[in-house]
Every structure is written in structure tokens, then in C-alpha cells.
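Since the structure comes first, as C-alpha cells, the remarks are kept for the end.
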Amino acid sequence: MSCLCDQLTKEIPGWHPDCLGHLWLFKDLPGEDLAALGRDAVRRRTLKGQRLFAQGEQAREMFLLKAGRIKLTKLLPDGNEIILGFRLAGSVLGETCLTEDETYPLSAWCMEDSFSCGLTREQFETLVLAHPRIGLQVIRNMSERIDWLTHQVESVSVSGIDDRLFQALQNLARELGEPAREYRLIPFPLTHEELGFLIGAHRVSVTRALGSLKLSGRVRQSGNTLAIQMIEA
């Protein structure tokens, strides 16, 4: 039987076949529990430019992005907003809801019309109590997330704009890219302004740095697609 999300709508391009039951979080759950989860899941269609959730809101729900593209941003105390990353269909968002009495530490903006399938904290806790192995899967996933965040911190700590941009692009390509020999393709367009927010640099500096990376062969561009050479910066 097809996923209920599939039955509701397939109008948004880039539909991802995975369901909540396909995630690491629910591995080895019996069919009856997965069926109950599917019936209780919160499904939401969010339009381009709208927020899936906002920084500071009570974190009560996590989401599987079924279709669309998300930009993760954080508003700093000085009023500046930075881009922390991007998420494509098949990604999980809002894991903060697994922590008691927490708020979302960032905002998730839809870069195109999106469709998500959500799970509340209460549903998750019920499943963990019935299936303790889920807790072990969460620990493994959080370990992977720490590794990813370490790469992000390394990108910011590099002093030169060229190397900082290259490392940030490598992180994006490593996480979301598609293999192409010694390169990985970032499968969605990025503006120079977005790249500037990502590494904390002015758009003009990003334009110069990207030009330098292209001359060195570390980055190639075809249309809106960037190919990133997977080497150490």
C-alpha cells in the first residue's frame, strides 16, 4: 500500500519516496506500529517563502521533508542573520523536539513549495517506551550530527576567504551532493548572497573567492550547478 502522503498530493516536484517508517529512527518497528504512526502523523504543505518553524518557538514536532527545499537560518543577538545550511527532500528537521522543554534554535524557511510529514514529541516518547532500541538509534544519529557540526565550525575558523568558502562548499557537497568522479555536485542553485551568509563574508568577497576557486579547478560551474572537488582545503 502506498504512503498516505503519496495519496494526498504529488503536485510538488522532487517528491521523495521515503516515509517516516524508512528513517533510522524507526528501524525494526513492527508493521502495526508503523501503521499507527502513519495514521497519527501531521502532514503539512508549506508555500515558498513561509517558515516550517521559527527560531524561539516551542519545539514540539520533528519533520520529514517529503518534497521541497529548506534553508536553515539563525538570528544572532546583534540582529544579523546567518545561513547554517540547506535541507533537501528526504531530510529530517526539528530534532530539537526530542529534548525536553526546548525551543527551536533556528528557523526553517521554504525555498520552494514544500510538503512535510511530522511527528510530535509525545508520539516519539510512546514509541521509545515500547521499543527501547529506538533510543540507541537516536544516539548514533546525534553522533553523526556532531561530526557534521564540527565540519561547519572548521569552515568558519579558516582565515582565508577562498579556503573558508571552499570548505563550506565541501561540507554542503559532502552532506547533500551527488558524486561525479573526484567532484561532488551541489544539486540546487546558490546565490552569492546566500554563500556570503553561510561563511560570514560580503557578497563581493564571495564573488572574488568563487572566481579564484574556479581558476584553481577546485570548483567548476555549469549553469546553476556547482561541482566541488573533494580534497582538503
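The values are calculated or read from the model by the stated rules, or taken from the named source; none is laboratory data. The model shown is predicted, which means the values in this text are computed figures rather than measured ones. Reconstructed Cβ throughout: ideal geometry from the backbone, glycine too, with neighbour counts over all protein chains shown.
Descriptive notes on the structure:
- Residue 50 being polar (S, T, N, Q), surrounded by fewer than 16 Cβ atoms within 10 Å (Cβ to Cβ), closer than 30 Å to residue 202 by Cβ and touching a residue at least 24 places away in the same chain (Cβ under 8 Å): yes
- Screening the candidates 94, 79 for the property of being of a type outside the set (D, E, K, R) and either within 18 Å of residue 17 (Cα to Cα) or free of Cβ contacts under 8 Å to residues at least 40 places away in the same chain (or both) yields one hit, 79.
- Residue pairs meeting the criteria (Cβ under 8 Å; at least 6 apart or on separate chains; first in contact (Cβ under 8 Å) with a residue 60 or more places away in the chain and among the β-branched types (Val, Ile, Thr), in the range 114-133; second surrounded by 15 or more Cβ atoms within 10 Å (Cβ to Cβ) and not in a strand (DSSP E or B)): 120/60; 120/97
- Considering the range 21-57, the residues that are touching a Cys at 6+ places or on another chain (Cβ under 6 Å) and under 16 Å from residue 123 (Cα atoms) include one that is modelled with the highest pLDDT, namely 43.
- Residues being assigned to a loop (DSSP other than H, G, I, E, B) and either of a type in the set (A, V, I, L, M) or buried (at least 16 other Cβ atoms within 10 Å of the Cβ) (or both) - total across the range 98-141: 6
- Only one entry of 198, 213 meets the criterion of being assigned to a helix (DSSP H, G or I), touching a strand residue (DSSP E or B) at 6+ places or on another chain (Cβ under 7 Å) and at pLDDT 85 or above, and that entry is 213.
- Criterion (in contact with a Pro (Cβ under 7 Å, 6 or more places away or on another chain) and assigned by TED's automatic domain parsing to the domain that holds residue 17) met by exactly one of 96, 103: 96
- Every pair of residues 6+ apart whose Cβ atoms lie under 7 Å, when the first sits in the range 173-199 and is in the same structural domain as residue 222 (by TED's automatic domain parsing) while the second is assigned to a strand (DSSP E or B) and small (Gly, Ala, Ser): 180/227; 183/227; 185/227
- Complete set of residues in the range 73-90 that are surrounded by fewer than 19 Cβ atoms within 10 Å (Cβ to Cβ) and of a type in the set (Gly, Ala, Ser): 79, 90
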